[in-house]
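Read-outs: derived from the displayed coordinates by stated rules, not from any lab. It should be emphasised that the depicted structure is a prediction, and the values quoted were computed from it without experimental measurement. A quick note on method: Cβ atoms are made from the backbone with ideal geometry, for glycine too, and the neighbour counts reach across all protein chains shown.
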Amino acid sequence: MLEELKKEVYEANMLLPKYGLVTFTWGNVSGIDREKGLFAIKPSGVDYDKLKPEDMVIVDLDGNVVEGNYNPSSDTATHVEIYKAFPKVGGVVHTHSSYATSWAQAGRSIPCYGTTHADYYYGDVPCLRCLTKEEIDEGYEKNTGLLIVNEFKNQGIDPEAVSAALCKNHGPFAWGKDAMDAVHGAVVLEEVAKMAYRTELINPKVAEAPQVLQDKHYYRKHGANAYYGQGNK
Ligand SMILES: [Zn+2]
C-alpha cells in the first residue's frame, strides 16, 4: 500500500547521508498521506546502504503499524504528535546533524544573524527545554513531540514560519509540506546553524540582523505578497 509515498519517503531518507546530516543509522524521515491518515517512515536501525523503498513502514496517527516487515523508527511517536498538531505538515525529519545538534546541546536557540536564516525562518529557531524525568519515563518519544507542539503554541510560534525546533541536549526536528521539503529544511537548518556558530566565533558581540531586513527577506519569499522566484510570472 501507498507505494508512491514509500518511494518518496525512501528517497528523502537517502538524502540524509548524501547531505552529510547523519552518521551510521541515525536520523529518520517520514511523509504523510493526509486523506488516508497514514504515514510512511524509515524502519529502525537499518543501514542506509541496505534500505529499500518497500522497507518503509506504514503507521497510523495512533502510532500503530499498519504495514511493514520492520519496526518503525524509534522516534515514530514524535512524528505522530507533530502530524496531529500541525495539520499543514506533510513531512517530518529528525537528525543529529552536527551544527544544529551543537546548538541543541548548548541549550541555545539559533538567532537570526543574516538573510540566509531570514529567508527560511521568521525569528529564532527555538531551543526547547529538556524533558523532565517523569516525561522521559512516561513516554519519551511521545512527550518529545508534545513538547514541540505545546511550546510552539505557548510561545505563539507559527510552525509554518519556523519549520524546525531544537530539543535541548538532543537535536533538531524539522518539517515541511512533504518528506522532500522536510529534508530540504533540515539541510538549510544545518547550514544556518553552522553560519551562526561561525558568526559568533568571528564576532562574539554580534547582534541579530535588523528586524526590517529580517522582515524583507522572510516576506519576499512567504505570504501574500511574496515575489521571490518565478511564481508570480
Ligand atoms: Zn534523536
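Per-structure values
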{"quantity": "Only Lys, Arg (+1) and Asp, Glu (-1) charged, at Cβ; the stretch 3-222 dipole about Cα centre in debye", "calculated": "720 debye"}
{"quantity": "Efficiency of FRET between LYS84 and LYS194 - r from beta-carbon atoms, R0 25 angstrom, step 0.05", "calculated": "0.20"}
{"quantity": "Interchain or long-range residues, amide H under 5 Å from VAL66's placed H", "calculated": "ILE58, VAL59, ASP60"}
{"quantity": "GLU134 versus ASN169: modelled label distance in nm, points set 7 Å from Cα along the beta carbon direction", "calculated": "1.7 nm"}
{"quantity": "Helix-derived mean residue ellipticity, 222 nm - over the chain, DSSP H n ≥ 4, -39500 (n - 2.57), to 500", "calculated": "-13500 deg cm²/dmol"}
{"quantity": "Where chymotrypsin sites (Phe, Trp or Tyr not before Pro) fall in DSSP loop in the stretch 61-167, at most 15 other Cβ within 10 Å", "calculated": "TYR70"}
{"quantity": "³J(HN,Hα) computed for each position of the stretch 110-119 - Karplus, 6.51 cos²θ - 1.76 cosθ + 1.60, integer Hz, glycine/proline x", "calculated": "8, x, 7, 9, x, 6, 4, 5, 5, 4"}
{"quantity": "Dipole axis of the stretch 1-86 (+1 Lys, Arg; -1 Asp, Glu on Cβ), positive-most option in PRO43, THR23, THR76", "calculated": "THR23"}
{"quantity": "Charge dipole magnitude, Cβ of K and R +1, D and E -1 - the stretch 115-199, Cα centre, debye nearest 20", "calculated": "240 debye"}
{"quantity": "Chain lengthening between SER74 and SER44 when straightened (0.36 nm per residue, less Cα-Cα)", "calculated": "10.2 nm"}
{"quantity": "FRET efficiency estimate (nearest 0.05) - Cβ-Cβ, LYS221 to LYS52, R0 41 angstrom", "calculated": "0.70"}
{"quantity": "Pairwise centroid distance, computed over Cα atoms, of the stretch 3-64 with the stretch 187-225, Å", "calculated": "30 Å"}
{"quantity": "Fully extended contour minus Cα-Cα distance, from ASP62 to LYS177, at 0.36 nm per residue", "calculated": "39.3 nm"}
{"quantity": "Amide H contacts under 5 Å for VAL125, placed H, 5+ residues apart", "calculated": "ILE110"}
{"quantity": "Gap separating the Cα centres of the stretch 67-83 and the stretch 168-185, nearest whole Å", "calculated": "15 Å"}
{"quantity": "Distance (nanometres) between label positions extended 7 Å along Cα→Cβ at ASN154 and GLU35", "calculated": "3.9 nm"}
{"quantity": "Sorted by Cβ density within 10 Å, fewest first, the residues CYS112, CYS167", "calculated": "CYS167, CYS112"}
{"quantity": "3J(HN,Hα) from dihedral phi, the stretch 41-46, Karplus parametrisation 6.51/-1.76/1.60, rounded to Hz, x for glycine, proline", "calculated": "9, 4, x, 7, x, 9"}
{"quantity": "Computed over the stretch 3-222: relative contact order in percent, which uses C-alpha pairs under 8 Å that are six or more apart", "calculated": "23 percent"}
{"quantity": "Sorted by Cβ neighbour density within 10 Å, fewest at the top, the residues LEU189, LEU5, LEU146", "calculated": "LEU146, LEU5, LEU189"}
